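**Student:** Can you keep this structure in mind? I'll have questions shortly.
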Amino acid sequence: MRASPAVWIIILAAGYSRRMGLPKILLPYRDGSLVRQVAKKAAQVQSAGVMVVANAEMPEVQHHLWDLPVWVVWNERAHLGMSTSLVKGVEKLPHDVSAALILLADQPEIEPFVIERVIDAYARSSASIIQAAYSGKPGHPVLFDRKWFPDLLHITGDQGAKQLIQASGDERQWVDVPLPPLEDIDTWEDYERVTRREGAIRGL
């Protein structure tokens, strides 16, 4: 058991959307955009804070988040891959943070209760990596105890912390989520499929 851990939520939102051909995180979704939707959901969760790591070449991201209680951090090295956003986020964390929970800005279907479950599992266990699992399939969010921060600061490329998670062994705990796996929005077809599903859920 951990007494009131200080968990920061980091939203990775600095990709170039090369497969989409335009800034996908700014595409319309509900009453705003993809990145706004993820940030709004993160802000509903009790945490030490919410950070959005954004591409320094896309200052318009700030306009999509101006009224939300989030801290926007700019990544000037986004062209070098997703790992640079994770490194930037960890570098900017307060010194008294207990853990960091990672979300992706192109997964607008993330639910606040899933984030809460992961944070609660961290508070109740001795595991140092907590990962949501959808029908037995690991996905996001992923939470890292601060013991992993030195390793996270040394990752490179565009795979994020995947290899680190896979090598963590007994350090990792899965949290079962009774939902279909989250879908990344990488192509226009992905975006249309997710928005159609959203419309069906809302009865539109």
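The values are calculated or read from the model by the stated rules, or taken from the named source; none is laboratory data. The structure displayed is predicted, hence computed values, not measured ones. All Cβ positions, even for glycine, are placed from backbone atoms using ideal geometry, and neighbour counts span all protein chains on display. When the accessible area is computed, the model is the full protein with side chains, heavy atoms only, and any ligands, DNA or RNA have been set aside. Shrake-Rupley method; radii C 1.70, N 1.55, O 1.52, S 1.80 Å.
**Student:** What are the residues in the range 167-181 that are closer than 17 Å to P141 by Cβ and open to solvent by 40 Å² or more (accessible area, probe 1.4 Å), if any?
**Tutor:** The answer is E171, R172, Q173, W174, D176, P178, L179, P180, P181.
**Student:** Name the residues in the range 114-166 that are open to solvent by less than 10 Å² (accessible area, probe 1.4 Å) and either of a type in the set (D, E) or in a strand (DSSP E or B) (or both), would you?
**Tutor:** I129, I130, A132, A133, Y134, P141, V142, L143, F144
**Student:** Let me ask something additional. Could you list, in sequence order, the residues of the range 92-113 that are farther than 19 Å from Y29 by Cβ and part of a loop (DSSP other than H, G, I, E, B)?
**Tutor:** Answer for the range 92-113, where residues must be farther than 19 Å from Y29 by Cβ and part of a loop (DSSP other than H, G, I, E, B): L93, P94, H95, D96, V97, S98.
Here is a yes/no grid of residues against (1) under 14 Å from the mean Cα position of the chain (by Cα); (2) modelled with pLDDT under 90:
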{"residue": "S128", "(1), (2)": "no, no"}
{"residue": "G139", "(1), (2)": "yes, no"}
{"residue": "L143", "(1), (2)": "yes, no"}
{"residue": "K147", "(1), (2)": "no, no"}
{"residue": "V177", "(1), (2)": "no, no"}
{"residue": "D186", "(1), (2)": "no, yes"}
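**Student:** Shifting gears a bit: Only residues that are out of contact with any helix residue (DSSP H, G or I) (no Cβ under 7 Å at 6 or more places or on another chain) and without any contact (Cβ under 8 Å) to a residue 40 or more places away in the chain: list them for the range 29-55, please.
**Tutor:** Matches in the range 29-55: D31, K40, A43.
**Student:** Another question about this same structure. Tell me, which residue of the range 18-40 that is farther than 17 Å from E57 by Cβ and modelled with pLDDT under 90 is most open to solvent (accessible area, probe 1.4 Å)?
**Tutor:** R19
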